[in-house]
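Engineer: I'd like to ask some things about the structure below.
The values are calculated or read from the model by the stated rules, or taken from the named source; none is laboratory data. Not measured: the values here are computed from a predicted model. Cβ coordinates were reconstructed from backbone atoms using ideal geometry, including for glycine residues, and neighbour counts include every protein chain displayed.
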Amino acid sequence: MKLHEYRAKEIFSQFGIPVPKSIVIDNENEGEAIHKELEFPVALKAQVLVGGRGKAGGIRFAESMNEARRIIPELLGMELKGHAVRQLLIEEKADLIHARELYVGFTVNRKSRSFTCILSSRGGVDIEEVARENPGAIARFDIDPEVGFQQYHARKLSKQIGLAGKKMLKVAAITVKLYDVFRAYDGELAEINPLILTDDGNVIAVDAVLNIDNNALFRHPEFSSEGKTSEEFTDLEKEAREAGLAYVDLPGDIGIIGCGAGLVMASLDILKQFNGEPANFLDVGGGANARNMAKALSIVLKKPDVRSIFINIFGGITKCDEIARGIVDTAPGIPISVRMMGTNEEEGKKILTDNGYHVYENMEDSAKNAVEQAKAYREGL
Amino acid sequence: MKLHEYRAKEIFSQFGIPVPKSIVIDNENEGEAIHKELEFPVALKAQVLVGGRGKAGGIRFAESMNEARRIIPELLGMELKGHAVRQLLIEEKADLIHARELYVGFTVNRKSRSFTCILSSRGGVDIEEVARENPGAIARFDIDPEVGFQQYHARKLSKQIGLAGKKMLKVAAITVKLYDVFRAYDGELAEINPLILTDDGNVIAVDAVLNIDNNALFRHPEFSSEGKTSEEFTDLEKEAREAGLAYVDLPGDIGIIGCGAGLVMASLDILKQFNGEPANFLDVGGGANARNMAKALSIVLKKPDVRSIFINIFGGITKCDEIARGIVDTAPGIPISVRMMGTNEEEGKKILTDNGYHVYENMEDSAKNAVEQAKAYREGL
Amino acid sequence: MSIIIDDSTKVVVQGITGGQGRFHTERLIEYGTNVVAGVTPGKGGEKVGEINVYDSFDEIPEKPTASIIFVPAPFARDAALEAIEFGLDPVVVITEHIPIHDSLEIVHRASKKNIVVIGPNTPGIISPGKCKMGVMPSHVFCPGTIGLISRSGTLTYEIVDDLSKAGMGQSTAIGLGGDPIVGLNFIDLLVRFERDPDTRGIVLIGEIGGSAEEEAAEFIKGHITKPVIAYIAGRAAPKGKTMGHAGAIISRGTGSARAKIEALSKANVRVAATPGEIPALLAEELA
Amino acid sequence: MSIIIDDSTKVVVQGITGGQGRFHTERLIEYGTNVVAGVTPGKGGEKVGEINVYDSFDEIPEKPTASIIFVPAPFARDAALEAIEFGLDPVVVITEHIPIHDSLEIVHRASKKNIVVIGPNTPGIISPGKCKMGVMPSHVFCPGTIGLISRSGTLTYEIVDDLSKAGMGQSTAIGLGGDPIVGLNFIDLLVRFERDPDTRGIVLIGEIGGSAEEEAAEFIKGHITKPVIAYIAGRAAPKGKTMGHAGAIISRGTGSARAKIEALSKANVRVAATPGEIPALLAEELA
């Protein structure tokens, strides 16, 4: 789960990483606290979990209270890439003229099967962009879990991006602290971008990213309630997560349900091959029963523009008759194209054919049929 | 530094180790809170940093408020092995009839150069006694720092002391938590003795020991002010620690000052060989100057029954003239027997002889002289 | 022959007393896997079917050589580390939802001790007719000469079913696991299948996320002489979304199906457009 | 010959820009130690006397082989781990007051990489006439055939002074360090002195605390043929009190001088009653 900037900064600060002085507000009136708490100029930052927030207008600056009063209502309640802005982080604006912007981050490296530390002398921009256009500005290090991430590793990286003397030490120290956050919070990603380094050697984390491994939330009960309902997900995605289903919203009009992530991905691919557009990815998981299947169908059906549904079941642990019962119980009301094989195949087929459904044995045929049905349905409208 | 039981228990509790419900009081009036906070019977425990507190009468029990009212003033202000009781920990008394008493501890193992976990089925008594008399009741494990101390290690130990099923799991889980405390607090020793294990599988830490490495106090600033003045030291020891001198109070009448721990220990030994009784151990350290030496003398002189002082200096980094100046500046007023060799030996000797002191080159002779002087001084009284 | 497991493998089931553990232990025994014991801490002395349950490995009379883990995610790290310290090899971690920091520790400890970890979040491994350490439906597999390496579960069964029906049995089939960090990668297994005299052809089933397929492609060029047919799931997947498997996500510019297919094609690996195409392509290559 | 260090040893001084580092670097150079560089993070580019200061090892043009550490206690762990990772051998840790959890980590990492750590809290090591990596007053030492192993600093100088005056120079003299956890024990060095053809006799200077002397005694019985003379400081020390050295404490029933002296005597090691007796006892044994 992604944490909001202000919460990530709270945590960073607890670990000794300097962050700007700030307040968090969720209504206009609270904005009056700027007076007491902060010095102008201030940055007003929409707390939404989307990338490119700055470019999308989610970050504004105010030189005075009057200006802040004008900006706050504009930001609160605005929509940023589909997400309503409900909270603002208001913080003292860092002086960027006498400072450099760096990047510090930790991530899980799938290839080296280790944690990787990345430092860059080009902060404030997308690190992938820097990696493409100016790879020399980036220093990377794969952490040996036996040795851990030590100050001397951090110093080496800090030096590699061109720092020296006390600045080198300061950035190294902050980097180790960020590693501590990353490890303590089961981070998938911990990032400061930009890390401001002033001419007189002070550092401030102007932005803060902390993505916590959802699977580790049992160790972080303070976040566990949010893990499933984080605003990074759409409403349907949240509903599916709460029901224990793996679901991803997609822009098409053909619903897809299958068992097993690989099989569902393959189902999407085949559908696309036949020029169908998937409305979603939905994996009911291994061993789903009639109730799970009914729930899956009900979620897929909540999208008003779904024209047909492609169901692709290869029964291993999953029993075909359970799936069939789930379909029949739901009675979707739009065309369903079912492909079903494996455990209790015969019973499943019988239940479906008895209720007027056709069952395919081959997934290509079933996908093709779903595409045609959706087309017919669209044209029939 | 040793923590008081109640502070160790606070920490244990934060790490999820169950401790009895309790209050801490430092005067009689506060004892009235027992009513509101606790259920009888309660244990009233003097908070002093000495061993064998129970046998010395520092732990009492009360069945009622009246009984508690009688006991509290008896305990508060009493002396336990030379330490005034200033605080009481009052806690609900664990039911020992339906329970077993175990021992769980972690320590630094000099021989294996690792942390060692010790579990024993015989809690509530001195673990060294158990080790001598019933070694079979003890399970030990040296921790490989690369693997860490895992639940499965703890389970194995827990099983070795005769536990099974849920009790085995419960004690293992508490053991791992105690390891977490030990690591987080730079423990020299972390100990629960006894750990109560009830018939229905609950555990409670009835006593708690946590000794923190003084050298690690920079990582634990919450204790750093106490590190030098902990009540485990005598007043003179505290004063010496604050001055950066290694000092130990001893019961004899001949003060000893030297540079280097090994040399001072050897000085004590030689003094004893000549039937002298050291009043202290004092190492001024390498590179001591006149001021350090004067401070060292002033501490040694604070003991009224010191009859002579044996000063043993082998000048490496330490300069003999600085030492001599420190002696002359102090003008101790009791017999001083100085042995001095090494760096700036000639200058040092000159300063001392000019001021009427005799200087030895051989430490045996000097020690012998100190013993004779003390004897003469005693007899002259 | 087969790789990693065969009929001499003696299996202990960790987490045998849970629902999944019980169910699949029965399936393993049915299949003929030599399950010598179960382990569930605190339940030593119980029985699951005919299998004795112990608190820990050192109490087992007939020493196991390998472990399959069904322990719930919060305790799986401890279970796997215990198996690794005891020297069991392979350690097959079926459990899903293990924290990634835990998986890294498991994988690291295993590599230090030169032990094979399969998974986490894997359907397991099967050497048909010899030994099964997994949760796959046994009936779709049959003994043969095809080595199969997959990041997926159900999709693998689908493909194996097709292969078996087309008369192409399997020497060994392995699910790497659907998590971002798993014990084995394609290359580890390509090497073994290349060496295995009884494996004639290899099927590689990849999916979006990471770059294991690209690395495999690079490796195949110089080192693999046996025919390899690949399939990559997730061409239609959007960026930045986890597609069921925690590891199936296109992020930070890497992991797209297109890049994987290109890399494999460049290495002269034929990539099937649909799972159904695989048997025919493989038959051509083996002909 | 000598052990551990000799005239081919190239030394880097970690923490060279501090007061202690500066002072002793000058002394080392005076003695003839080949100091190739200094390291103080953040002070790269400075100079201490003629010696260039660098931020880290990999910037040093003439590769050092060994390190001596004067870094303050809170940063010493990092410095030592860096030296160990860089492969320097030996790593001599002069610093006092290093937390014991840190020392354990240093010692453990070094043993994994088979690197000699001397200290922490050691006066260092000297092979007279060849190389000095320590803070001992050089003038008391002279080249010869006595190997000396000690847990103490000043007491060692005292004893070495007596030995030198009695015409018994030293092959190598080593302070193990006064902390409870140090990199080397007596046995590690007894083995080396036994093997060193130029060492004829060994002096072992122990003190209260721990059981290193008892272990040494046990080892000497079966493995050491050269004469060993011992001295144990702290006969007059009380229980449970730290006598200057963090490691010099009789606790939990172990570490008394009496037990050590008994163990050594049983192993036919002559134990001097006073430091001053050592030269005569040694001369007798060597005669």
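Engineer: When you look at residue D:280, is it surrounded by 18 or more Cβ atoms within 10 Å (Cβ to Cβ), small (Gly, Ala, Ser) and within 14 Å of chain B (Cβ to nearest Cβ), yes or no?
Structural biologist: No.
Engineer: Follow-up question, since we're still on this one. So, in the stretch B:344-373, how many residues would count as being closer than 22 Å to residue B:317 by Cα, within 14 Å of chain D (Cβ to nearest Cβ) and buried (at least 20 other Cβ atoms within 10 Å of the Cβ)?
Structural biologist: The total comes to 3.
Engineer: Same structure again: Only one residue in A:276, A:287 is in the same structural domain as residue A:327 (by TED's automatic domain parsing), over 24 Å from the mean Cα position of the chain (by Cα) and surrounded by fewer than 24 Cβ atoms within 10 Å (Cβ to Cβ). Which one?
Structural biologist: Only one candidate passes the filter, namely A:287.
Engineer: Separate question: When the stretch C:65-83 is examined, which residues are found to be surrounded by fewer than 24 Cβ atoms within 10 Å (Cβ to Cβ) and either under 19 Å from residue B:170 (Cβ atoms) or in contact with a strand residue (DSSP E or B) (Cβ under 8 Å, 6 or more places away or on another chain) (or both)?
Structural biologist: The answer is C:65, C:72, C:74, C:75, C:78.
Engineer: Can you tell me which residue is surrounded by the most Cβ atoms within 10 Å (Cβ to Cβ) among those in the stretch D:97-118 that are among the hydrophobic types (A, V, I, L, M, F, W, C) and facing chain B (nearest Cβ under 7 Å)?
Structural biologist: Checked the stretch D:97-118; the qualifying residue surrounded by the most Cβ atoms within 10 Å (Cβ to Cβ) is D:98.
Engineer: Quick check on the stretch C:45-56. Is at least one of its residues of a type outside the set (D, E, K, R), in contact (Cβ under 8 Å) with a residue 40 or more places away in the chain, surrounded by fewer than 23 Cβ atoms within 10 Å (Cβ to Cβ) and farther than 17 Å from residue C:128 by Cβ?
Structural biologist: Scanning the stretch C:45-56 turns up no residue that is of a type outside the set (D, E, K, R), in contact (Cβ under 8 Å) with a residue 40 or more places away in the chain, surrounded by fewer than 23 Cβ atoms within 10 Å (Cβ to Cβ) and farther than 17 Å from residue C:128 by Cβ.
Residue-by-condition table, conditions (1) within 22 Å of residue A:238 (Cβ to Cβ); (2) assigned to a strand (DSSP E or B); (3) modelled with pLDDT under 90:
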position	(1), (2), (3)
A:24	no, yes, no
A:39	no, no, no
A:56	no, no, yes
A:68	no, no, no
A:86	yes, no, no
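Engineer: Across the stretch C:252-274, which residue is surrounded by the most Cβ atoms within 10 Å (Cβ to Cβ) among those that are more than 12 Å from chain A (Cβ to nearest Cβ) and assigned to a helix (DSSP H, G or I)?
Structural biologist: C:260
Yes/no per residue for (1) within 13 Å of chain C (Cβ to nearest Cβ); (2) more than 26 Å from the chain's Cα centre (by Cα); (3) of a type outside the set (S, T, N, Q); (4) over 17 Å from residue A:16 (Cβ atoms):
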| residue | (1), (2), (3), (4) |
| --- | --- |
| A:150 | no, yes, no, no |
| A:156 | no, yes, yes, yes |
| A:159 | no, yes, yes, yes |
| A:175 | no, no, no, no |
| A:184 | yes, no, yes, no |
| A:196 | no, no, yes, no |
| A:201 | no, yes, yes, no |
| A:213 | yes, no, yes, yes |
| A:224 | yes, no, no, yes |
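Engineer: For residues in the stretch B:96-110 being in a strand (DSSP E or B) and of a type outside the set (A, V, I, L, M, F, W, C), which is farthest from the other protein chains (Cβ to nearest Cβ)?
Structural biologist: Only one residue fits best here, namely B:101.
Engineer: Could you say which residue among C:68, C:29 is in contact (Cβ under 8 Å) with a residue 40 or more places away in the chain, aliphatic (A, V, I, L, M) and within 28 Å of residue C:97 (Cα to Cα)?
Structural biologist: Every option except C:68 fails the conditions.
Engineer: Here are B:119, B:163, B:178: which of them is of a type in the set (A, V, I, L, M) and in a helix (DSSP H, G or I)?
Structural biologist: B:178
Engineer: Name the residues in the stretch B:304-318 that are under 16 Å from residue B:281 (Cα atoms), surrounded by fewer than 24 Cβ atoms within 10 Å (Cβ to Cβ) and aliphatic (A, V, I, L, M), would you?
Structural biologist: Selection gives B:306 alone.
Engineer: Something else now. Only one of C:158, C:194 is in contact with a Leu (Cβ under 8 Å, 6 or more places away or on another chain), among the acidic types (Asp, Glu) and touching a residue at least 24 places away in the same chain (Cβ under 8 Å). Can you tell me which?
Structural biologist: Only one candidate qualifies: C:158.
Engineer: Same structure again: Would it be correct to say that residue A:7 is in a strand (DSSP E or B) and of a type in the set (Lys, Arg)?
Structural biologist: When the stated conditions are applied, residue A:7 does not pass them.
Engineer: Of all residues in the stretch A:332-377 being more than 22 Å from residue A:303 (Cβ to Cβ) and of a type in the set (A, V, I, L, M), which is modelled with the lowest pLDDT?
Structural biologist: For the stretch A:332-377, the residue satisfying everything is A:341.
Engineer: Determine which member of the set B:210, B:271 is surrounded by 21 or more Cβ atoms within 10 Å (Cβ to Cβ), in contact with a helix residue (DSSP H, G or I) (Cβ under 6 Å, 6 or more places away or on another chain) and assigned by TED's automatic domain parsing to the domain that holds residue B:192.
Structural biologist: Criteria check complete, one pass: B:210.
Engineer: Name the residue that is nearest to the chain's Cα centre (by Cα), counting only residues in the stretch D:70-111 that are assigned to a helix (DSSP H, G or I) and hydroxyl-bearing (Ser, Thr, Tyr).
Structural biologist: D:103
Engineer: Any residue in the stretch D:76-93 that's within 11 Å of chain A (Cβ to nearest Cβ): show its pairings with residues that are of a type in the set (Gly, Ala, Ser) at Cβ separation under 6 Å, as long as the two are six or more apart or on different chains.
Structural biologist: Listed by first residue and then by second, the contacts come to D:83/D:67; D:84/D:110.
Engineer: Another one. Quick check on the stretch D:119-133: of everything there that is at positive phi and touching a strand residue (DSSP E or B) at 6+ places or on another chain (Cβ under 6 Å), which residue is surrounded by the most Cβ atoms within 10 Å (Cβ to Cβ)?
Structural biologist: D:119
Engineer: Could you tell me which numbered condition residue A:192 fails, if it satisfies all but one of (1) assigned to a helix (DSSP H, G or I); (2) under 22 Å from residue A:94 (Cα atoms); (3) among the hydrophobic types (A, V, I, L, M, F, W, C)?
Structural biologist: (1)
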